[in-house]
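What follows draws every value from the coordinates through simple rules; no lab data is involved. Computed from a predicted structure; not experimentally measured. Cβ: placed from backbone, ideal geometry, glycine included. Neighbour counts: every protein chain shown.
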Amino acid sequence: MEYGLHIRGDIHGARKEYPLDVEAPHIFHKQITLSNKPTSACGIQYSGDGMKLACGLADKSLLVFSSSFTGEPAVFTGIFTALSGMLFMALIKQNT
């Protein structure tokens, strides 16, 4: 299955509540640099299969990492507004 990434510039939309019966993550594993200058991370989203992590930055760029954080992220620029939400969508190929 392939995945596409849908980008939203607003903060509205459906969001799931974090389950109250699950402990929040708290163990530090790795620190990564998102930008060579100070900028805020405005949104973070895992792909449905857990293989990719997208990070929207206030400098209007989008970074897509492998979930193991090995190698360099894919960097997307030229976005017209600061990113506040991302959504991975499954792209299903149809036989024609």
- Relative to the present Cα-Cα distance, how much length would full extension add between LEU20 and LEU34 at 0.36 nm per residue of separation? 2.1 nm
- Amide H contacts under 5 Å for LYS52, placed H, 5+ residues apart: SER47, SER67
- Packing-based exposure ordering (other Cβ within 10 Å, fewest first) of ASP49, ASP21: ASP21, ASP49
- Task: For SER61, list long-range residues whose amide hydrogen, built 1.01 Å from N in the peptide plane, is under 5 Å from its own amide hydrogen.
- Result: LEU83
- Message: Please list 3J(HN,Hα) in residue order for the range 70-76, calculated via the Karplus relation 6.51 cos²θ - 1.76 cosθ + 1.60 where θ = phi - 60°; whole Hz, with x for glycine and proline.
- Response: 9, x, 8, x, 6, 10, 10
- Most exposed to least, judged by fewest other Cβ atoms within 10 Å, MET86, MET51 sort to MET51, MET86
